[in-house]
Amino acid sequence: MSRESIRMVKQTEQEAERILREAQEKAAQMVADAEANGAALCEETEAQTIAAAKEVIVQLRERAENMRERLEGEAKEEAAEIVRQASLRKRSAEKIVIRGLASKCR
């Protein structure tokens, strides 16, 4: 082989090594960027998920409080009706007892 051919082969080998080195560096940088972006995306997704879960919890608490208030109101109304009915029955019972005693006393 001539000196020129040897020089060209060495030059080509050096160029190939440089291209390979640059490709490896670029690939390493791409992997590092992908990992960083993936981690950032995970953190963002986690934050969004936590925020959404907190919003759902707030909504559920509001619904539970509304339901509690409604049921409490219904229970008070029902209790008032029971007291009213009991009062009417008590008066009737008192009248019956008084009539019975009055008839015995005669």
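Bear in mind that the values in this text are calculations on the coordinates, not laboratory data. Quick caveat: nothing in here was measured; it's all calculated off a predicted structure. Cβ: placed from backbone, ideal geometry, glycine included. Neighbour counts: every protein chain shown.
Overview of results
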{"item": "Hydrodynamic radius of the chain per Kirkwood, over alpha carbon pairs, in Å", "result": "23.5"}
{"item": "Extent along principal axes [Cα atoms of segment 1-53; Å; largest to smallest]", "result": "75, 7, 7"}
{"item": "Distance (nanometres) between label positions extended 7 Å along Cα→Cβ at R91 and Q14", "result": "11.7"}
{"item": "C-alpha long axis of helix 3-105 to longest principal axis of the chain, angle in °", "result": "0"}
{"item": "Lysines whose Cα lies under 19 Å from that of K95, excluding same-chain neighbours fewer than 8 positions away", "result": "K104"}
